[in-house]
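*Asks:* My questions will all concern the structure given below.
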Amino acid sequence: MAVVQWFPGHMAKTKRLIKENLKRVDVVIEILDARAPLASANPLLRQLTAGKPRLAVLNKDDLADPDATIRWAEEFRGQGKTLPVRVSASTRKGVDAIPKECRKLCSGASWLQRRPVRALIAGIPNAGKSTLVNAMSKKRKAEAGATPGLTRDLRRIPITSNFELFDTPGMLWHKFDDPRTGLILAGLGAVKETILPDEEVAGEILTYLSRCYPQRLKDRYKLEELPESAHDLVEAVGRARGALMSGGRVDWPRACQMVIKDLRDGRYGAVSLEWPDGRGWD
């Protein structure tokens, strides 16, 4: 797997916007994908916002393996961090807890009774931040979509009389030193498809699922046995789903796109791509 480098111009603009507005905010909310809490955590954001109280929000909780999420919460607790808030922005599950937790992080501040808590909300592209902002505001105040980098400006959004958000565009860091991070984020749609080839992403995702969720994979594609190699897994999926070209050859681009779409759409059920013990990525 290659080292992924990805930092387009609008993300550099986001970095500048955060720096310029940091003094205006009291809390930083980082939206993480519950299926990959490590890969979706932005070290650049933590560097830029060092010293500010931070609330981690595990979004898409309904798509993540609940056992893995419980273990991640234990990991957070063991590191002395504020426990993450678990939400599903698409169903509004848990979103009302976010303003309350932010106010807790500001408890004792002399200004707390005089003005709203101001929170900067940030996350990697496609982590569901815009959908979450919309769910919190109960109005369509932030565009939501599957294209990385859809939000381009910093906007102040009143949520309640005592809580408001500063919404930021999605931002990644300059490069992923661990190739696995780039692979996971490509699978989840945080980077454009042109950054890593679908064939590599789909093959690695299938290999991981065959180790951690073999029965889910068998059930999804009606497979009696799972091949061992990534190549053979893609072949098996392509044949099972009828992604064939003339002569009976597997249409690899189509088969790989199916695998990636199934992951993003939750077609494998509630699965997580990261566990605290690192399982599945040997």
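Taken together, the values in this text are just the output of simple stated rules run on the coordinates, not laboratory data. All values reported here derive from a predicted model rather than from experimental measurement. Please note: Cβ atoms are built from the backbone with ideal geometry, for glycine as well, and neighbour counts cover all protein chains shown.
*Asks:* With no solvent and one point on each alpha carbon, what is the Debye value of log10 I(q)/I(0) for region 197-264 at q = 0.20 Å⁻¹?
*Replies:* Values returned for q = 0.20 Å⁻¹ are -0.70.
*Asks:* I want the local charge near A39. Using Cβ-Cβ distances under 11 Å, sum +1 for each Lys or Arg and -1 for each Asp or Glu among the other residues. Could the numbers behind the result be given before it?
*Replies:* Details: positive: R35, R180; negative: D33, D178, E274.
So the environment of A39 carries a net charge of -1.
*Asks:* Oh, and also: Kindly express, to the nearest 10 degrees and within the range 0 to 90, the angle between helix 66-78's C-alpha long axis and the longest C-alpha principal axis of the chain.
*Replies:* 40 degrees
*Asks:* Same structure, new question: Run through region 193-282 and list the trypsin sites (Lys or Arg not before Pro) located in a DSSP loop whose Cβ has at most 10 other Cβ atoms within 10 Å.
*Replies:* Working: sites: R211, R216, K218, R220, K222, R239, R241, R249, R254, K261, R264, R267, R279; in loops: K222, R241, R249, R267, R279.
Loop-located and lightly packed - K222.
*Asks:* Also, quick follow-up: Within the chain, what's the longest stretch lacking GluC sites (Glu not before Pro) that sit in DSSP loops with no more than 14 other Cβ atoms inside 10 Å?
*Replies:* With a cap of 14 other Cβ atoms within 10 Å, the longest stretch comes to 1-142.
*Asks:* Sticking with this structure for a sec: Taking the structure as given and computing Cα Rg over 2.2 N^0.38 Å, which label from [x] 0.96; [y] 1.23; [z] 1.06 fits?
*Replies:* Matching entry in [x] 0.96; [y] 1.23; [z] 1.06: [z].
*Asks:* Turning to a different aspect of this structure: List the chymotrypsin sites (Phe, Trp or Tyr not before Pro) in region 177-282 that DSSP assigns to loop (not H, G, I, E or B) and whose Cβ has at most 10 other Cβ atoms within 10 Å. Which are they? Before the final figure, lay out each step's value.
*Replies:* On the way: sites: Y208, Y221, Y268, W281; in loops: Y268, W281.
Passing both the DSSP loop test and the Cβ count: no residue.
*Asks:* Could I ask something else about it? If you take the Cα atoms of region 30-123, find Rg, then find the Kirkwood Rh from the mean of 1/r over all pairs, what is Rg/Rh? Display every interim value, and only then the final one.
*Replies:* Numbers: Rg = 13.7 Å, Rh = 14.1 Å.
Rg/Rh for region 30-123 comes to 0.97.
*Asks:* May I ask you to derive the FRET efficiency for R77 and A97 from their Cβ-Cβ distance with R0 = 22 Å, giving the value to the nearest 0.05?
*Replies:* Numbers: r = 17 Å, r/R0 = 0.76.
After rounding to 0.05, the efficiency reads 0.85.
*Asks:* Select from G123, G248, G269 the residue whose mean-square fluctuation is largest in a Gaussian network model of the chain (Cα-Cα springs shorter than 10 Å).
*Replies:* Looking only at G123, G248, G269, the largest GNM fluctuation is found for G248.
*Asks:* Let me ask another. In sequence order, what are the phi-derived ³J(HN,Hα) couplings for region 101-114 according to the Karplus relation 6.51 cos²θ - 1.76 cosθ + 1.60 with θ = phi - 60°, rounded to whole Hz, with x for glycine and proline?
*Replies:* These are the phi-based 3J(HN,Hα) values: 5, 5, 5, 4, 5, 9, 4, x, 5, 5, 8, 4, 8, 9 Hz.
*Asks:* Please enumerate, by chain and number, the lysines with C-alpha under 17 Å from the C-alpha of K104, excluding those fewer than 8 residues away in the same chain.
*Replies:* Within the straight-line limit of under 17 Å, K104 reaches these lysines: K52, K81.
*Asks:* Compute the Kirkwood hydrodynamic radius of region 25-77, taking the inverse of the mean of 1/r over all pairs of distinct Cα atoms, and give it in Å to one decimal. Walk me through the numbers before you get to the answer.
*Replies:* Working: mean 1/r = 0.0849 Å⁻¹.
This gives a value of 11.8 Å.
*Asks:* With θ set to phi - 60° and the Karplus curve 6.51 cos²θ - 1.76 cosθ + 1.60, what are the ³J(HN,Hα) couplings of region 86-99 in order, to the nearest whole Hz, using x for Gly and Pro?
*Replies:* 9, 9, 10, 4, 5, 10, 6, 5, x, 5, 5, 6, 5, x
*Asks:* Ok, one more. For region 168-184, take each phi angle, set θ = phi - 60°, evaluate the Karplus expression 6.51 cos²θ - 1.76 cosθ + 1.60, and give the result in whole Hz per residue in order, putting x for glycine and proline.
*Replies:* 10, x, x, 9, 9, 9, 5, 7, 9, 5, 8, x, 4, 4, x, 5, 4
*Asks:* While we're looking at this one, here's another question. Between S161 and R267, what is the FRET efficiency for a Förster distance of 35 Å, r being their Cβ-Cβ separation, to the nearest 0.05?
*Replies:* Step by step, r from the Cβ atoms, then E = 0.25.
*Asks:* Rounded to the nearest 5, what % of the DSSP beta bridges within the chain are antiparallel ones? Don't skip to the end; give the middle numbers.
*Replies:* On the way: 9 of 27 bridges.
Antiparallel: roughly 35 percent of the beta bridges in the chain.
*Asks:* By its C-alpha gyration tensor, with a ≥ b ≥ c as the square roots of the eigenvalues, how is region 153-243 shaped: rounded for a/c under 1.5, else prolate for a/b larger than b/c, else oblate? Numbers along the way, then the final one.
*Replies:* Working: a/c = 3.18, a/b = 2.17, b/c = 1.47.
Verdict is prolate for region 153-243.
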